[in-house]
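See structure below.
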Amino acid sequence: MNQNRKKRASGYSFATMLILVGVLGLIILSEVSKSEITGLVFFFICLIPAIGIYVYLGFTSEENPYTKIYKPSKSKKSEIIASTIWLLSISSFFLIGFIFDGWDYAWVVFLIGAAAQNLTELFNSNDKDDLN
């Protein structure tokens, strides 16, 4: 394992540890101090630098991990359909949450949106080789 990869692994490990310490501190301080705000402040004190470390390590990697996850649509039609699906998903999320007070289950629309986008890309795919 090269030296750069070891440093990156240490950075990710440290950031993850910060988040876990923040969660543990949130639980303990909320009980000990009888004030939830104390634990919450401690949690965010740990969370903010951890997020900064994740972002820094993500942008300084040799290969961008986001290009592996998200492959841009090949056609304008696919882009329009994907944008419409996500606009409807976000709108449905807020409508279900605010109008029906359904915050507990409103998140399901994002799973439906992801499935709908994958299905439309599958059916709109021009390359039959992509399916193999």
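Since every read-out is calculated from the coordinates, none of them should be taken as a lab result. Everything numeric here is computed off the predicted structure, so don't read it as measured data. Cβ sites come from the backbone with ideal geometry, for glycine too, and all protein chains shown count toward neighbours.
Alpha carbon centre of the range 78-98 versus the range 1-60: separation in Å?
After rounding, the separation between the Cα centres reads 32 Å.
What distance in nm separates the simple spin-label points at residue 17 and residue 104, each placed 7 Å from Cα in the Cβ direction?
Taking the simple label geometry, residue 17 and residue 104 are separated by 3.9 nm.
Where Lys and Arg each count +1 and Asp and Glu each count -1, what net charge lies around residue 13 among other residues with Cβ under 13 Å from its Cβ?
Summing Lys and Arg as +1 and Asp and Glu as -1 gives +4.
Note down the nm distance, to one decimal, between modelled labels 7 Å out along Cα→Cβ at residue 45 and at residue 122.
Those two pseudo-labels are separated by 5.0 nm.
Taking 0.36 nm per residue of sequence separation and subtracting the Cα-Cα distance, how much length would be gained by fully extending the chain between residue 38 and residue 91, in nm to one decimal?
Extending this stretch completely gives an extra 15.6 nm.
For residue 55 paired with residue 84, estimate the spin-label separation in nm (one decimal), with each label point 7 Å from Cα along the Cα-to-Cβ line.
Going from the residue 55 label point to the residue 84 one covers 3.4 nm.
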